[in-house]
Amino acid sequence: MNRLITIGIVFIAVNYWPSAATAMPRGSADAYKALAFCHQADAAIGSERTQLLASGLQLAERVLVLDERDAAAHFAIFCNLGKQVRFSGLSWSSLRHIRQLRNEIDRTLELAPEDPDALTAKGELLLELPGILGGDSDEGARLLQRALVVDPGNEATRLFLTRAVR
């Protein structure tokens with residue numbers, strides 16, 4: 001179960017920050033700001049990291065109150081909540097968040113089905129989750145391959161796919 005939290009739930013999927021060469025899901029400026037909080041949390045520690053992730057999550061949730069179809073806001077919730085789970089460690093509440101993480105990445109892909117960042121995030125999530133919690137290595141690899149079709153130059157996705165086929 002420790003592997004699930006430290007590696008599994010969100011290891012790379014929520015740490016995955018889109019490169020300049022890829023398209024972001026459609027979204028508002030505030031949704032992109034919520035994603036930026038998630039990215040900034042990587043360099044922060046302790047209470048600063050906790051605050052960045054909480055701020056990113058709250059901002060993304062506020063965006064969705066105004067526009068439920070903001071794909072970037074759904075992706076920002078996936079990113080910020082996933083990192084909160086990862087950094088807080090194993091607990092029963094972290095298991096409860098798996099469903100929300102899956103729902104947010106699925107909604108992102110409903111709204112932006114060809115977004116390479118969302119495809120990569122979901123692919124990596126499916127690769128890392130154990131089957132009992134919804135993991136599916138075949139589907140994860142398929143999503144990573146699809147992300148590479150959309151963005152063939154994405155080295156992070158290529159690395160994840162290489163690891164998946166070992």
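Quick note: the coordinates plus some simple rules give every number you see, no bench work behind them. Keep in mind the model is a prediction, meaning the values are calculated, not measured. Please note: Cβ atoms are built from the backbone with ideal geometry, for glycine as well, and neighbour counts cover all protein chains shown.
Between ASP67 and ILE45, the simple spin-label model (points 7 angstrom out along Cα→Cβ) gives 3.8 nm. Any chance you could check the Cα centroid distance between the stretch 28-50 and the stretch 84-124 for me, in angstrom? What the calculation gives is 16 Å, centre to centre. Summarised as an ellipsoid, the stretch 30-151 has semi-axes of 22, 18, 13 Å, derived from the eigenvalues of the Cα gyration tensor scaled by 5 and square-rooted, with the largest first.
Residues ILE45, ILE105, ILE77, ILE98, arranged from fewest to most other Cβ atoms within 10 angstrom of their Cβ, appear as ILE45, ILE98, ILE105, ILE77.
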